[in-house]
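Report on one structure; see the data block that follows.
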Amino acid sequence: MTKICCIGAGYVGGPTMAMIAHKCPKVEVHVVDINQARIDAWNSDVLPVYEPGLYEIVAACRGKNLKFSTAIDQAIREADIIFISVNTPTKTFGAGAGRAANLEYIERCARRIAESAHGHKIVVEKSTLPVRTAEAVKRILSASANGATFDVLSNPEFLAEGTAISDLLDPDRVLIGGENPAAIERLVDVYAHWVDRKKILTTNLWSSELSKLTANAFLAQRVSSINAISALCEVTEANVDEVAAAIGTDSRIGPKFLKASVGFGGSCFQKDILNLVYLCEHYGLHEVAEYWEQVVKMNDYQKARFTRNMVKTMFNTVSGKRLAIWGFAFKKDTNDTRESAAIYVCRDLLRENAILNIYDPKVAHEQIRNDLRDLMANEAGELNQLDRRLIDNNVHVVESTQAAASGAHAIAILTEWDEFKTADFERIYSQMQKPAFIFDGRNILDHQALKQIGFEVHAIGRRV
Ligand code: UDX
Ligand code: ADP
């Protein structure tokens, strides 16, 4: 019986291991984390990660072949295959700050594996990592005190949040990079329980590591490209959704990832591109670095442009005005807010002295305040008095679209949650200040119907 351990019970480790347990009843899966609260949540009825379909799978396997605990050393000792699925945030200090990946969690994991392991283990990098991290992992492991031996594989995760379960069930591909064919085959065998072997690609370690960064850079580039065009549409009376549909029919371009928006967010896109930029600079490839950096700059521009448009439209001032913010997660069907455009838009509106009523169906109230605090704090993590007062007094986190819009001058749609489309806009309109504005940062609403009710509607890349 194969035993798998996964270090890191987050958005990647949790769902991926649940799927392996679900599809491989004979494989024993043990997910461990240093964060006791997170592990307790995985063992409860309210999982720490919101993902459609996840709870059912976890509930079916938990107590059978899927276990969550903080017994890291024990899990390492027992496992044949150890996945490293810890977070690799962008460095905030020292060399490469703001760009390079902070690898301290990865290193800590590798050291712990080296200390606890006996015999032979396959160590799998699941976290997105800069190219050649496997080299460092291998060196740390080779210093194992107990004479354990290791094969290191790279198996980047391509699931997108909000669709993790269907992405895991039916992936476009599974990518496994490594050196030892026997170790690669061992991991291929796990996925082959439910993934067609033709879709399981094997490469060398470095190609696998770089493919993950490249895939995210290409996807983010599509969003930034269409967002760049959205600005042009707004001044030329072209409609960005029509342009996207028209170019998307070209089979060489394709229709996906061309949805103009208030800007992309999430834990991967910005981080991975900045990582790529750092890597290119490290190798002296300045033009290549600049090329990719522009994708992130365009995204910053799109977020800032959205707020500027709101303020300009509302007679150049939102000071003292109540504004309804619908959606705070970086996309629908997730409770994740990492790098969400909403955090930036809310910060900029707060600094214009607006009063914000924020509603998101799945994001915890405290998370919203923490995200704003983190973004507005200085490098030492301190808030100045003014910003503290803005967060304490001007931010109201509420329980419904209706509560958010009551008494407000405007609604800003920042996440494309389905429930926003079916809100009772007639009733909402009657409870708002007039003129009542809607800024649809996701182009999801029926703009003509809203106009008929009386709203003044503004969208991304199209005149309403
Ligand atoms: C991404 C990759 O898709 C996934 O393969 C990788 O493993 C991790 O990074 P994720 O960050 O979960 O996944 O979300 P994704 O669906 O890619 O969306 C990223 C951001 O782009 C979101 O903020 C989304 O709203 C935005 N987006 C996406 C757009 O604004 N327009 C689009 O057309 C598509
Ligand atoms: P991702 O989106 O990559 O899954 P998350 O932040 O959701 O990122 O999850 C990473 C998890 O890894 C967190 O729950 C964190 O507590 C855990 N973690 C970080 N470092 C270690 C470590 N050294 N040992 C065990 N778990 C760790």
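A few notes on this one:
- Output for the stretch 215-242, where each listed residue is open to solvent by 50 Å² or more (accessible area, probe 1.4 Å) and either within 16 Å of ligand 1 (Cβ to nearest atom) or part of a helix (DSSP H, G or I) (or both): F218, L219, R222, S225, I229, L232, V235, T236, E242
Let's see how each residue does on (1) touching a residue at least 12 places away in the same chain (Cβ under 8 Å); (2) under 19 Å from T16 (Cα atoms); (3) among the hydroxyl-bearing types (S, T, Y):
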residue	(1), (2), (3)
V27	yes, yes, no
A59	no, yes, no
R62	yes, yes, no
L66	yes, yes, no
A101	yes, no, no
E107	yes, no, no
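- Residue, modelled with the lowest pLDDT, within the stretch 353-404, restricted to residues that are within 20 Å of D300 (Cα to Cα) and surrounded by fewer than 19 Cβ atoms within 10 Å (Cβ to Cβ): E379
- Per-region count, the stretch 11-44, residues in contact with a helix residue (DSSP H, G or I) (Cβ under 8 Å, 6 or more places away or on another chain) and either in a loop (DSSP other than H, G, I, E, B) or within 16 Å of ligand 1 (Cβ to nearest atom) (or both): 9
- Residue check for W206: assigned to a loop (DSSP other than H, G, I, E, B), among the aromatic types (F, W, Y) and touching a residue at least 24 places away in the same chain (Cβ under 8 Å): no
- The condition (being farther than 30 Å from R427 by Cβ and touching a residue at least 24 places away in the same chain (Cβ under 8 Å)) is satisfied by just one residue among Q367, Q302, Q385: Q302.
Residues are listed down the side, and each one gets a yes or a no for (1) surrounded by 23 or more Cβ atoms within 10 Å (Cβ to Cβ); (2) of a type in the set (G, A, S):
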| site | (1), (2) |
| --- | --- |
| D250 | no, no |
| G254 | no, yes |
| G266 | yes, yes |
| N275 | yes, no |
| V295 | yes, no |
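- Of the helices (runs of 4 or more DSSP H) that lie entirely inside the stretch 360-457, those containing 1 or more residues that are within 29 Å of the chain's Cα centre (by Cα) and aliphatic (A, V, I, L, M) span 365-376, 385-394, 401-405.
- The set of residues in the stretch 244-278 that are in a loop (DSSP other than H, G, I, E, B) and within 16 Å of ligand 2 (Cβ to nearest atom) comprises F264, G265, G266, S267, C268.
- Enumeration of residues in the stretch 244-268 that are in contact (Cβ under 8 Å) with a residue 40 or more places away in the chain and not aromatic (F, W, Y): K259, A260, S261, V262, G263, G265, G266, S267, C268
The values are calculated or read from the model by the stated rules, or taken from the named source; none is laboratory data. In this text the structure is predicted, and so the values were computed from the model without any measurement. Here Cβ is always computed from backbone atoms with ideal geometry, including for glycine, and neighbour counts include all displayed protein chains. In case anyone asks, the SASA skips ligands and DNA or RNA and just uses the protein heavy atoms, side chains included. Shrake-Rupley method; radii C 1.70, N 1.55, O 1.52, S 1.80 Å.
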